[in-house]
1. Taking 0.36 nm per residue of sequence separation and subtracting the Cα-Cα distance, how much length would be gained by fully extending the chain between residue 130 and residue 10, in nm to one decimal?
2. Tell me which label goes with the value of semi-axes √(5λ) of the Cα gyration tensor in Å computed from the coordinates here: [x] 26, 23, 21; [y] 123, 16, 13; [z] 38, 23, 13.
3. Testing the spin-label approximation: label points 7 Å from Cα along Cα→Cβ at residue 67 and residue 99. State their distance in nm.
4. Quick one: among 45, 146, 105, which has the greatest mean-square fluctuation in a GNM of the chain with alpha-carbon springs under 10 angstrom?
5. Using packing as a proxy for protection, rank 46-53, 165-172 so that the peptide with the highest average count of other Cβ atoms within 10 Å comes first.
6. Would you work out the relative contact order for the range 65-200, in percent, from Cα pairs under 8 angstrom that are 6 or more residues apart?
7. Which of 84, 112, 100 comes first, and how do the rest follow, when ranked by fewest Cβ neighbours within 10 Å?
8. Over the range 92-171, calculate the relative contact order: mean separation of alpha carbon pairs under 8 Å at least 6 apart, over the residue count, as a percent.
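Where a number appears in this text, it was derived from the coordinates with a stated rule and is not lab data. Just so we're clear, the structure is a prediction, and the values are computed from it rather than from any experiment. Note: ideal-geometry Cβ built from the backbone for every residue, glycine included; neighbour counts use all protein chains shown.
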């Protein structure tokens, strides 16, 4: 079981702070993570972001994004893994392929080196995404399909195939109010069958 409760605060005209938490329970043991994102809008076409995650896998990431043209956006980031001290430098580009479709490619060198190619499509009723990542010692393919049943509810199917095995997640999410939603998913993976319960609450101060 997992619970995520992000809280978003507009701390200044161009600065946004997002705090979140994740708690998991299973097989008589538990764990959790705390995440923080500080985002600053540098200009109408560029922004900077600091992301920190504290937990079993602690990570610190700094990245900047800039709109290069009407169709292209570029992102440069540096990630530090606090568990082993490894650094990863990444560069990503995304292109607007159509009104509702975006393609992207990401190159990374360092601790999490690899090349990934992705695709996202957002529609009124149906949305989907796919991603392929190839690294020196890893390979992974992931995909997601979302069906919007109404303005308040949706169904979701996610699949992952990689060097660690196969995982399939199926479930749905329902909007409870303007700022909160709840979701439940059944996960079939290498460790068997598990359930995930997620509660989202967004607040702006």
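1. Computed gain between residue 130 and residue 10 is 40.0 nm.
2. [x]
3. 1.8
4. In this elastic network of the chain, the residue with the biggest mean-square fluctuation among 45, 146, 105 is 45.
5. The densest-packed peptide leads the list: 46-53, 165-172.
6. 11
7. 84, 100, 112
8. 17
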